[in-house]
1. Give the calculated FRET efficiency between Gln309 and Asn336 to the nearest 0.05, with a Förster radius of 22 Å applied to their Cβ-Cβ distance.
2. Can you work out the FRET efficiency for the pair Gln318 and Asp451, with r the C-beta to C-beta distance and R0 = 22 Å, to the nearest 0.05?
3. I need the calculated FRET efficiency for the pair Glu464 and Asn209, taking r as the beta carbon distance and R₀ as 25 Å, to the nearest 0.05.
4. Provide the gained length on full extension for the span Asp237 to Gln641, in nm with one decimal, where the gain is 0.36 nm per separating residue minus the Cα-Cα distance.
5. Using DSSP to call loops (not H, G, I, E or B), can you name the chymotrypsin sites (Phe, Trp or Tyr not before Pro) in the stretch 270-303 whose Cβ has at most 14 other Cβ atoms within 10 angstrom?
6. Determine, for each peptide in 425-432, 627-634, the mean count of other beta carbons within 10 angstrom over its residues, then list the peptides with the highest first.
7. For a quick check: sort Trp394, Trp334, Trp366, Trp156 by the number of other beta carbons within 10 angstrom, fewest at the front.
8. Applying a 10 Å radius around every beta-carbon, put 211-218, 289-296, 416-423, 164-171 in order of their mean neighbour count, most first.
Amino acid sequence: MKADFVEEMIYHTSSHKESNISVVIFSKNYAESEWCLDELLHIQQCSRCTRKQTVLPVFYGYLGKVLIRHQQRFGSDKIETWKQALTQVAILIYFLCAAELTKAMLNDISEKLKLTSTSCNDLTSLVGLESRVQEVLSLVSDNNIGTGTIHIAGIWGMSGIGKTTITEIVFNAISKTECDGGAKRKLLLQITAACSYFQQFEGSCFLPNVSEDSAKFGLLHFRNKVFSQVLEKPELDIGTLNVLPPNIKRMLQRKRVLLVLDDVSGIQQLKCILGKRENYNFGPESRIILTSKDRHVLQYQCHKIYEVQKLNYDDSLQLFKLHAFEKDHIICGWMNLTKKVLQYADAIPHLKFLGRDLYKKDEAIWESTLRRLESFPNKDIQNVLKLSYDGLEWHEQQIFLAIAFVFKGWFLHEFEWILDACELFPKEGIRNLQDKCLITISWDKKMGMHDLIQQMAKDIVMKENINVPRRRSRLWHYKDILSVLTNPKFNNILALLVLTGLKFCQDISQISHLQISPQVFEELYNLRLLHFYWGYGMSIVNLSQGLEYLPSSLRLLHWDLYPSPTLPLNFNPDNLVRCVAAALNSFGMETMWCRLVNLKTCDLSGSDHLIKIMDLCEVPNLEELNLSLCYSLAEIPYSIQFCSKLTMINLSFCKSFQSSLHLSSEVYLGGCPKITDFQKLPSTVKELNLGGSGIKNVPASIGHLSQLESLSLPKTRTSLPNEIGGLNCLRFINLLHGRKITVGI
């Protein structure tokens, strides 16, 4: 019997250590048992030492008389430890027990268990998040502690990058610090250190899906939900949104709270919860964590913002293996397919969706799934990513789709020129897209976009009309473009295309040969961007009968290897901002050159038959002119000096060119052997390329190029004047092909 008692005692002792909540019911006979009192003492010690366990006492009887009898039996020292345990436990929570409170007690236990449902033991399956959790912990636990200030931290990143998971770990970790030895040691030490601070909070609330809930139920319901959790008043109902009752505000401002609002999408959501900056709704030293896809929203209130980066390759591989194979290694022979999946997902945590879809599927299914994803992306991933798009204004959606279909990888300033001409307010729109993580701007001002977001854009346009591609606003698949440009019934159906605004015809390089009629664009009077990109090789478009019409609405005309020496005679290019069309001759440009009042960049590189450029007086806004590989070009008109905005001219490998230049900040003369000298250039020149030219002596006038940053020298023996030493802005000199360089002293 005694052995059974000892075994039961050992069992209960180990159970206490592993429990999140201990419920102690103090009946009138509870204190009669020495074992019960020792067990209570052990519970109290576990709670005090581990700081992870909640003790919930229920008093159901009077204990004083029994303790007096025990003192006579066990002595005052033993009784004192039991009294202390009873006192400490009683301080934690007090229930005046009655039958009608049983349900309330069970509900209270359930709520407390929810807060500890995610333990640190779960960290072993959260790949690549350790450093991110550490960053967020440092944001909310190390700043201005003890100074009486409220600190608000923001977590910013694209949909599916892991913002919610990070905040869940941080929030849940504060109530459970003991973790098994397999978890990440460095992270656990930081969580443990932070918990001594976190446990002093008097109220806490983690509210997910803020954007969705507030849109569905309204801001008033959203605010009531937050405040009722913080104040622990389930029935709280504040009837007005504009005014917070003074008594409620006082109660909130007396509480030091930990508050997490996940997926915030609007400033109004923050205002109704946090209040004004000079008079927050919460008490001193409260800590608030906000997550959002929109950096602008976070900047309104946050003191610091942490940007969640994509997973690296190793973490992406590890995450995918856990969900696709449920093990730490890949099935032999499946590595190539795995790499294709990783390339598709491009290092976002949504790899777990793909892993689950492919789990226990054979190799043929994997290959079929990857082919399907090219046209029909994963629904779970797309639904998450599309939330940011749905929150855009109409003009921002047009800018986003333009980048996705044509301008990904372009320089920012080139894109802004075209958007300005389309009256789409580029600077504001591009900034908002960047803040919402839909696009990126690189260090060299090139626009980027995650491949899955780009695929989402194509999915949006495809759903405009799934069965009839010609009725979509944008076309990109070569088969759809082929159908539209060659179908005999083209004109009858095209009216519907015009109504929806066909703006993009891009990348039909997979067509082996395409014969189009001279009137092919006659009905496309709303066409703004025409982009035929071939890369290297021969054009597959045949204009044997010429082209009779191009719409005057064009802002961008990009036609690589343009298959005709002339543009349509009746083409009105008043709105044209960018023109890229090789193979033109001088006559082909003559009729249009005098009307390019809005043209900013012109690329005629590779136009073998172009002998001269016509008068540039009517092109006042020209900023970039690329005439490289125009072998027959001999001169540029003197009127180029009136192009006051011209910043770049490229004459590389214009073998016949020999005239002098007057304006530009970037001059490329490489491969122009007939140029043997140049006179004074404007001081605004920033880049000078003389590689392949016939220049042997760089003139002393180069010393006037006070803004010159880059200089490329020719292959031949070249001498540099000592004035070169006075170019304080010069950062780069290309001597790669220089046979011998002489520098004056």
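Laboratory data are not the source of any read-out in this text; all were calculated from the coordinates shown. Everything numeric in this text was worked out from a predicted model, so none of it was measured. Because the Cβ atoms are built from the backbone with ideal geometry, glycine has one as well, and the counts that use them run over all protein chains shown.
1. The value I calculate is 0.25.
2. About 0.60, to the nearest 0.05.
3. Efficiency at R0 = 25 Å is approximately 0.30.
4. Gain in length upon complete extension: 138.2 nm.
5. Here no chymotrypsin sites (Phe, Trp or Tyr not before Pro) fit, given the DSSP loop and packing criteria.
6. 627-634, 425-432
7. In increasing order of surrounding Cβ atoms, one gets Trp394, Trp334, Trp366, Trp156.
8. 289-296, 164-171, 416-423, 211-218
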